[in-house]
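Reading through the structure tokens given below for one structure.
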């Protein structure tokens, strides 16, 4: 058996670098996850069986399984590295493999026996799973589900249909949400880990593959049960605990979903840059044309901003798990929507080729554009996440005191070299009692920066500008919280469009705070592009413009050229467009 | 706010708070009706617990209203909690 990759928790190469080295250059058709393979499964609408098997054979499934159960899960940040590497090559494969995310439902709420069984199922049987929550007539309204699990002497009898479900057909395990008590409201739902191999095949069947706009090779189908008996030991957590476990599970998966978008965004930018460096128009390389250059640099900035939001969101699981109801909603709204817009913006540089399925690098651009467009929809749509945030607004405003945030907390979330505490799922909560450390901790980070008396690799004038815009951001956050505290208690699903716009603004403020924190707590670690901070003011300017409508932020003109140069360097040196800028295969 | 210390006072306080938060006239609130009757879904119920926490200065389970889905159910829980707190405080002093 091949030895599994080393973890970045050790002093070896990062997981990104190890897996990248194994997979090689995706432009090489001989690579197992090449763009040619991606094109082939997309055009033939075939499930990426070979690639998924390769990932299991290389034991990459270990990164989803806790160490105490024989796996190699260290942190959500590291797990996201793996997802990002796969996603930059082929989203269909990455999303099919990553239904392993749902194992966290069992790691969180399963019995010791259930955990051991699932670990064995994944590590030795190379089993896969699906999440059967949605129903055709009820969408995201889980409580309205019509699937029933009636208690029987030996377990439960299930009747109902789940649709659309990723990997409903090509998986052996089904995490099923069903009603066990119609009169118990939110306590009427229970969650089951159903081993399809133990079911009477006459009492359930899989529904046909759904033809989709993107992810065409995916097994998006469904599953129907007809008085199907499931054993008592398939119940997870206890009768009536299904909705609570499901919502906490979404906190995990919604944050991890950002890694799909980051991988897709990397490839969209890389293939566009490659094209722009080769294409000549008006006797000039496209990459040298000011408009194209600006679009490319802005896309790079978008990726860096999204990286700040995602990495801090993933590290927050280990530092402030009780706040994740807020962080996960921000990440799941902000990152997919930002990267979808970024890819759309890049299409202008690609010209007509953005639309072609068999041109420039195996038609990768149009495939990424189609495949990534669903990330903001699954596992909780944009509207669902903004709604989850606006429900918490009064609570967040009340708990916006800066006193509750400790420097150690900010260091753990933002300082990339800082070791992470083990994840304790029991500390996840459906609502945050301590607000949001990204927002509430900004004054502390500004105080820290002011205390430094200068920074080696940053000119004093630039530091002054960063501090000035940081103060402005802190003021905006404070005013935002003050306005929220005056709002009414919101409930139901008929909130105004203005309330959703406010939630969107909240996400923009959170993202801006994350960028500033990320630079502040890492600037001293090296003398690379990220620590130099030239990207920070342009990133904040972009967020202020898009989310706050503030357009008077200025930054030194040299910053634009420094960003464009770093983009070219990352591309030429085959490094990821990210904070860590890991070497690629 | 200090936690009211008897059943009638807690019910009175909770009915007044809910009337204001849900914009439902107090006389239309039925203390034995499930909260879902007032268009309060599962996540709204979690949010409402945060409001009650703030008013009472108590830390409550976010799923309190899932487990105690009517005003009177909730009153029973809050009464038991406030009495337990008083006992604990008395023991401490």
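Worth pointing out:
- What the Cβ-Cβ distance of residue A:281 and residue A:30 gives, at R0 = 25 Å and to the nearest 0.05, is a FRET efficiency of 0.15.
- Helical contribution to [θ] at 222 nm, DSSP H n ≥ 4, -39,500 (n - 2.57), averaged over the protein assembly as shown, rounded to 500: -16500 deg cm²/dmol
- You can think of it this way: the chain between residue A:198 and residue A:294 has 28.9 nm of extra reach, that is 0.36 nm per residue less the Cα-Cα gap.
- 0 to 90° range, to nearest 10: angle between helix A:382-391 axis and chain A longest Cα axis: 80 degrees
- Mean-position separation - Cα centroids, region A:418-479 and region B:30-93, in angstrom: 34 Å
- Using 0.36 nm per residue and subtracting the Cα-Cα separation, the extra length available between residue A:146 and residue A:575 on full extension is 149.6 nm.
- Virtual spin-label span in nm between residue A:126 and residue A:355, 7 Å along Cα→Cβ: 4.2 nm
- Expected-Rg normalisation [2.2 N^0.38 Å, Cα atoms] applied to chain A: 0.95
- For region A:1-120: rounded, prolate or oblate by the Cα gyration tensor [a/c cutoff 1.5]: oblate
- Packing-based exposure ordering (other Cβ within 10 Å, fewest first) of A:65, A:252, B:24: B:24, A:65, A:252
- Inter-label distance, residue A:486 to residue B:84: 4.0 nm, where each label sits 7 Å from its Cα along the C-beta direction.
- Percentage relative contact order, chain B, counting C-alpha pairs under 8 Å, at least six apart: 37 percent
- Rounded FRET efficiency, nearest 0.05, which uses the C-beta distance separating residue A:43 from residue A:452 and R0 of 41 Å: 0.15
- Based on Cα contacts under 8 Å between residues 6+ apart, region A:94-230 shows a relative contact order of 25 percent.
- Gyration tensor (alpha-carbon) shape descriptor, chain B, a/c threshold 1.5: prolate
- Ranked by how many other Cβ atoms sit within 10 Å of their own Cβ, fewest first, the residues A:409, B:70, A:310 fall in the order B:70, A:409, A:310.
- Cβ-Cβ distance of residue B:9 and residue B:32, R₀ of 22 Å, FRET efficiency by 1/(1 + (r/R0)^6): the value works out to about 0.75.
- Helix A:112-123 and the longest principal axis of the C-alpha atoms of chain A enclose an angle of approximately 70°.
- Label point distance in nm, residue A:408-residue A:565, each placed 7 Å from Cα along Cα→Cβ: 4.1 nm
- Rounded if a/c under 1.5, otherwise prolate or oblate - region A:461-585, Cα gyration tensor axes: prolate
- Relative contact order of region A:252-326, pairs being alpha-carbon contacts under 8 Å that are 6 or more residues apart, as %: 31 percent
- Between region A:321-398 and region A:205-277, the alpha-carbon center distance in angstrom: 15 Å
- Compactness ratio for region A:94-148: Cα radius of gyration over 2.2 N^0.38 Å (N = residue count) comes to 1.35.
Laboratory data are not the source of any read-out in this text; all were calculated from the coordinates shown. Since this is a predicted model, take the numbers as computed values, not measurements. Here the Cβ is made from the backbone with ideal geometry for all residues, glycine too, and neighbour counts use every protein chain on show.
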